[in-house]
1. Among residues belonging to the stretch 118-152 that are part of a loop (DSSP other than H, G, I, E, B) and more than 26 Å from Lys40 (Cβ to Cβ), point out the one that is most open to solvent (accessible area, probe 1.4 Å).
2. Where in the stretch 33-117 are the strands (runs of 3 or more DSSP E), entirely inside, with at least 3 residues that are open to solvent by 30 Å² or more (accessible area, probe 1.4 Å)?
3. Would you mention how many residues in the stretch 147-158 are of a type in the set (Gly, Ala, Ser) and either free of Cβ contacts under 8 Å to residues at least 60 places away in the same chain or over 19 Å from Ser103 (Cβ atoms) (or both)?
4. Can you tell me which residue in the stretch 18-32 is most open to solvent (accessible area, probe 1.4 Å), limited to those that are out of contact with any strand residue (DSSP E or B) (no Cβ under 9 Å at 6 or more places or on another chain) and of a type in the set (A, V, I, L, M, F, W, C)?
5. Of all residues in the stretch 12-40, which are at pLDDT 70 or above and among the β-branched types (Val, Ile, Thr)?
6. Given the residues Ser147, Ser129, Ser110, which is the only one that is of a type in the set (Gly, Ala, Ser) and farther than 21 Å from Lys38 by Cα?
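The values are calculated or read from the model by the stated rules, or taken from the named source; none is laboratory data. Keep in mind that this is a model prediction, so the values were computed, not measured. Cβ coordinates were reconstructed from backbone atoms using ideal geometry, including for glycine residues, and neighbour counts include every protein chain displayed. Each accessible area value is taken on the protein alone, full model and side chains, heavy atoms only, with ligands, DNA and RNA left out. Shrake-Rupley method; radii C 1.70, N 1.55, O 1.52, S 1.80 Å.
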Amino acid sequence: MKSKNWLQRHKKDMYVKKAKKEDYLTRSAFKLIEIEKKFKIILNSKQILELGSSPGGWSQVICNINKKASIHAFDLLDMKYSNKQVKFFKEDILKYNFDNIESKYDLILSDIAPNTIGHQSTDHLKLVSLIEEILLIVEKKMNLNGSFVFKIWEGSET
């Protein structure tokens, strides 16, 4: 029943409709566009690391905004979006050895989400745990004065 309710809400969502109309893969593209309007982090980045990149909505936004940026995109799922600016790695970031990549990044983005169980507190803690692991990557791979943007669900650890 919950999935049916979610589907109904999803179909009515204004950002889902807007994404379809403007030919974006995901509604979350607009979250990144709003962040860019405020902080100009995409336009000022040459090397970008995107974690949780499938289906490619954020890569699509990045490529539309900055034609010179190079993106390393990681996800367990295939990406629908492809572009010469994007090098896709179908890898588990928790197991991947980022020492294999010489690049340091001006911008690291994470729209990653764990598999959820439907219990808000538990799902939140699972995401926080993932973010803590991602911070280890950020510490090693981000340039001085780089930016890190991540999604977090509201909860006790926010």
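1. His119
2. Details: elements: 47-51, 70-75, 86-90, 105-110.
Result: 86-90.
3. 2
4. If we take residues in the stretch 18-32 being out of contact with any strand residue (DSSP E or B) (no Cβ under 9 Å at 6 or more places or on another chain) and of a type in the set (A, V, I, L, M, F, W, C), then Leu25 is most open to solvent (accessible area, probe 1.4 Å).
5. Thr26, Ile33, Ile35
6. On the way: Ser147 fails: farther than 21 Å from Lys38 by Cα; Ser110 fails: farther than 21 Å from Lys38 by Cα.
Of the residues listed, the single one that is of a type in the set (Gly, Ala, Ser) and farther than 21 Å from Lys38 by Cα is Ser129.
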